[in-house]
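Just so it is clear, none of the values below were taken in a lab; they were calculated from the coordinates. Bear in mind that the values here come from a model prediction, so they are computed numbers and not experimental data. Cβ placement follows ideal geometry from the backbone for every residue including glycine, while neighbour counts extend to all protein chains displayed.
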Amino acid sequence: MSAEALDLVYPFTGRWLVQNSPADQVPSHGTTRFATSYAIDFVPVDASGRSAVFGLGSLFRPEPPEQFIGFGRSVLAPVAGVVVAVHDSATDHPAYRGLPSLGYAMTQRRRADAGWLALAGNHIMIRTGTAVVALCHLQQGSVQFQVGQTVQIGEKLGRCGNSGNSTEPHLHVQAISSLDIARADAVPIRFSGTLPPAGDIVDL
């Protein structure tokens, strides 16, 4: 990890599965669009490492996000700073696993072309020093801060949701060089000095 990496604290408690980590590859999400090169995803899971029970219906039908244990779980501030952007009105759509996930993946290009809001869904962005930290896919109506307010590390920002470009409730975290997401550079991040690879479970 670069010496210029922005050090954050984990923005949650409980058990979360790491996915799409820049510890494994950069760009972590297979694209540099919207400065996502160093972004990372966290999925809330149970003691068995499952985000939800996977039944026969999961193979063939979209599932309500409420069936996932992480839906509504608290998202905390990973850094102190000033809120510079909030979006809180996007609907939490169904989750897609099994065959429905294939159809959803085929429409991802359309969401990317629609822009940042279509991908991030409900989110909050915090300026700290020379970087802006974005926490995305939050639950509709859950964001508890407004633009211009100051946040401290560990304060509750909102709840984990399934808005934007998301196949199941999870939290997407990234840091960027400016609020202009289309032109910003991606900023490397780490958590308390380390960066977990995909497949690790963070248990706090």
Return the loop-located trypsin sites (Lys or Arg not before Pro) in region 79-174 (DSSP other than H, G, I, E, B) with at most 14 other Cβ atoms within 10 Å of their own Cβ; answer none if there are none.
none
Measuring from label point to label point, each 7 Å out along Cα→Cβ, what is the ARG110 to LEU59 span in nm?
2.7 nm
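So what is the relative contact order for region 6-192, in percent, with contacts set as C-alpha pairs under 8 Å and at least six apart?
Numbers: 469 pairs, mean separation 55.5, N = 187.
About 30 percent, as a whole number.
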In whole Å, what is the distance between the alpha-carbon centres of region 3-27 and region 172-194?
11 Å
Extension gain from ASP180 to ASP203, taking 0.36 nm per residue of separation minus the Cα-Cα distance
4.9 nm
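When N counts the residues of region 6-192, how does its alpha-carbon radius of gyration compare numerically with 2.2 N^0.38 Å, as a ratio? Write out the running numbers ahead of the final one.
On the way: Rg = 15.5 Å, N = 187, 2.2 N^0.38 = 16.1 Å.
Dividing the Cα Rg of region 6-192 by 2.2 N^0.38 Å gives 0.97.
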Checking rank on 44-52, 81-89, with mean other Cβ inside 10 Å and highest first, the result is 81-89, 44-52
